[in-house]
Amino acid sequence: MHRYDAIVIGSGHNGLIAAAYLARAGKKVLVLERREVIGGATVTEEIWPGYRLSTCSYVCSLLLPEVIRDLELKRHGYDIRPLDPQYFVPFPDGRYLISFLDEEKTAEQIRKFSKKDVAAYGAYWEMWDRILARMRPLISRPSPTRKEIEAAFDGPEGTEDWRRLTRASVAELLDEYFESEELKAPLCVGGVIGTNAGPRTPGTAYIKFHHILGNLNGHQGAWGFVRGGMGAVAEAIASSAKEHGAEILTNAEVARIDIEGGEARGVILSDGRRFEAGTILSNADPYRTYLGMVGEKNLPAELVEGVRGLPLKGSVVKVLLALGELPDFTALPGRKTGPQHTGAIVINPSVEYLQKAWEDCEQGHPSGHPFMEAYIQSATEDGLAPPGKHTMSIFSQYAPYDLADGTWDKHREEIGSRIVDTLAQYAPNLPDAIEHMRVLGPRDVEETIGITGGNIFHGEMLPESMFPGRPLPGFSSYRTPVENLYLCGAGTWPGGAVFGAPGRNCAHQVLADLAEAERHG
């Protein structure tokens, strides 16, 4: 029998972060990963010979600066560069909008569509800066209490800021500031990323907030490529953890958590191996942790009922492509690397377009005209594709977990082809440039990565599922009703993406609890 101070279930970035903090505090830590590769959804894989892609997560912004600093991730190989431009948006009429890191260059682009919106753009960001300042202290601790929220939103414009953040739709918010559809179109997509909602759904302003939390090189809300792909994030965190003694075991699927007398004592793997520890942290989603590894008999009935009702089914599709050449856009022609290739390529010509895509999904159908963000990391980084060739990662919505007609196995390639065909309306050479294609729907993410429902955030992140409601009202602590068992994944406050806050916060909670236990003998 192997004995540890702490066992972390799952080597997604939050699990690795928690393990690294515990190891740095002198704890003997073991991380158990069901797959043969670490990282969970934060992985780089050689999908086809010579082509290395970020299979699931694809760009980075939100990783907490505290995590980068505390774990010395740059020394361990973490290297991020902001996308510049941030995004390129071609429109069906041949016009385009580009957002640069340079504010003046972006203003010139906006001016093509509305002089009024150039002035409003500054006021729009002032509003977000104010809300970000209120919220930042709340994300580095357990889910805030009502009193803490009230204190954060006290003072001038506090009531209106809270309304905007938690009640407004992203479309409503953008209508407050802008007149041009061409500017609102790319800005609204951040309000629905990874979410079963449309831009007119109340609460989607919160999703937008979540996606502008990051700051790269002084650019608020900017996103970037991690050199080597997103797997380099997991590798850097793992390196930091192992430097302080943490062990990481792959091909080690946890079948159940060993519970005696209401206390977690260890884990039992699917191959029968057993490991003991005084503390267990699960980076798996709440459903898989509670109903899969803990079991109903060890849980309060109200928790079991609540977990069964969690909104966990995703509607995101990833299309991975190997390309023989770069896409040649009608709006900005060229097959040599240009600004249209080096940031996000956003296909969403209007708010209404995105709303209609969601309404298709509500009826159980893949979007007839899907929204997408496409990324060509190989355009700015060597070593990810053979010379002269490229990778493309497409993030698209929507295609529901439960299709109204047929199965995912039957329609997967058709759904992927529709996404490619939509992009080809803007870059006609794309279909002939494709050498390989792989399509990952929600059920594929569930099966491969182990996330229930294939929801990339381990559950919806609309306001009702956040704050004291994450993952469930009454059970929002990183602690669980099972003694010595903690949740450290994206299903806890403050949520998903390559963020790291749940893992860091949970590790601090564990260390505080251990210190308290030592003080009391």
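Across segment 229-278, which residue is nearest to GLY292 (Cα to Cα) among those that are surrounded by fewer than 19 Cβ atoms within 10 Å (Cβ to Cβ) and β-branched (Val, Ile, Thr)?
This residue is ILE268.
Could you list all residues from segment 20-42 that are surrounded by 17 or more Cβ atoms within 10 Å (Cβ to Cβ), within 13 Å of GLY10 (Cα to Cα), touching a strand residue (DSSP E or B) at 6+ places or on another chain (Cβ under 8 Å) and of a type outside the set (Asp, Glu)?
Within segment 20-42, VAL29, LEU30, VAL31, LEU32, ARG34, ILE38, GLY39, GLY40, ALA41, THR42 meet the criteria.
Any residue in segment 64-76 that's closer than 13 Å to ASN215 by Cα: show its pairings with residues that are part of a loop (DSSP other than H, G, I, E, B) and at pLDDT 95 or above at Cβ separation under 6 Å, as long as the two are six or more apart or on different chains.
The qualifying pairs are LEU64/GLY500.
What is the one condition in (1) in contact with a Pro (Cβ under 8 Å, 6 or more places away or on another chain); (2) of a type outside the set (Gly, Ala, Ser); (3) farther than 19 Å from THR195 by Cα that TYR486 does not satisfy?
Single failed check for TYR486: (1).
For segment 412-429, give me each residue that is crowded, with 23+ Cβ neighbours inside 10 Å and out of contact with any Lys or Arg (no Cβ under 9 Å at 6 or more places or on another chain).
Within segment 412-429, ILE419, LEU423, TYR426, ALA427 qualify.
Looking only at segment 130-144, how many residues end up being of a type in the set (Gly, Ala, Ser) and either more than 22 Å from ASP513 (Cβ to Cβ) or touching a strand residue (DSSP E or B) at 6+ places or on another chain (Cβ under 8 Å) (or both)?
1
Can you tell me which of (1) free of Cβ contacts under 8 Å to residues at least 60 places away in the same chain; (2) under 17 Å from PRO502 (Cβ atoms) is the one ALA20 doesn't meet?
Condition (1) is where ALA20 drops out.
Determine if segment 169-181 includes at least one residue that is crowded, with 22+ Cβ neighbours inside 10 Å, β-branched (Val, Ile, Thr), over 18 Å from the mean Cα position of the chain (by Cα) and in a helix (DSSP H, G or I).
Yes, the conditions are met somewhere in segment 169-181.
Name, by its number, the condition in (1) under 30 Å from ALA331 (Cβ atoms); (2) assigned to a loop (DSSP other than H, G, I, E, B) that does not hold for ILE419.
All conditions pass for ILE419, except number (2).
Looking at segment 435-448, I want the residues that are under 15 Å from GLU414 (Cα atoms) and have a partner that is in a helix (DSSP H, G or I) and of a type in the set (Val, Ile, Thr) with Cβ atoms under 9 Å, at least 6 apart or on another chain. Which pairs are those?
Cβ pairs passing all conditions: MET437/VAL420; VAL439/ILE415; VAL439/ILE419; LEU440/THR448; GLY441/ILE415.
Quick check on segment 441-458. Is at least one of its residues over 26 Å from VAL43 (Cβ atoms) and either surrounded by 23 or more Cβ atoms within 10 Å (Cβ to Cβ) or of a type outside the set (Phe, Trp, Tyr) (or both)?
Residues of segment 441-458 that are over 26 Å from VAL43 (Cβ atoms), as a first pass: none.
No, that holds for no residue.
Considering segment 434-489 alone, what residues qualify as being closer than 24 Å to SER11 by Cα, aliphatic (A, V, I, L, M) and assigned to a loop (DSSP other than H, G, I, E, B)?
ILE451, ILE456, MET461, MET466, LEU472, VAL482
So which of ALA277, ALA322, ALA301 is in contact with a Phe, Trp or Tyr (Cβ under 6 Å, 6 or more places away or on another chain) and more than 23 Å from ASP5 (Cα to Cα)?
ALA322
Please indicate, with yes or no, whether at least one residue in segment 182-190 is surrounded by fewer than 17 Cβ atoms within 10 Å (Cβ to Cβ) and of a type in the set (Asp, Glu).
no
For segment 36-155, which helices (runs of 4 or more DSSP H) that fit wholly inside it have 2 or more residues that are charged (D, E, K, R) and under 30 Å from GLU176 (Cα atoms)?
103-111, 115-139, 146-152
Here are some residues: GLU413, GLU460, GLU435, GLU446. Which one is at pLDDT 95 or above and within 20 Å of GLY500 (Cα to Cα)?
GLU460
State all residues of segment 133-174 that are touching a residue at least 60 places away in the same chain (Cβ under 8 Å) and farther than 15 Å from MET466 by Cα; if no residue qualifies, say none.
ALA171, LEU174
Search segment 27-55 for residues that are farther than 23 Å from LEU321 by Cα and pair each with any residue that is of a type in the set (Ser, Thr, Tyr) and assigned to a strand (DSSP E or B) when their beta-carbon atoms are under 6 Å apart and the residues are at least 6 apart or on different chains.
These pairs meet every condition: LYS28/TYR4; LEU30/TYR4.
The values are calculated or read from the model by the stated rules, or taken from the named source; none is laboratory data. Bear in mind the structure is a predicted one, so any value in this text is a computation, not a measurement. Neighbour counts run over all protein chains shown; Cβ positions are idealised from the backbone, glycine included.
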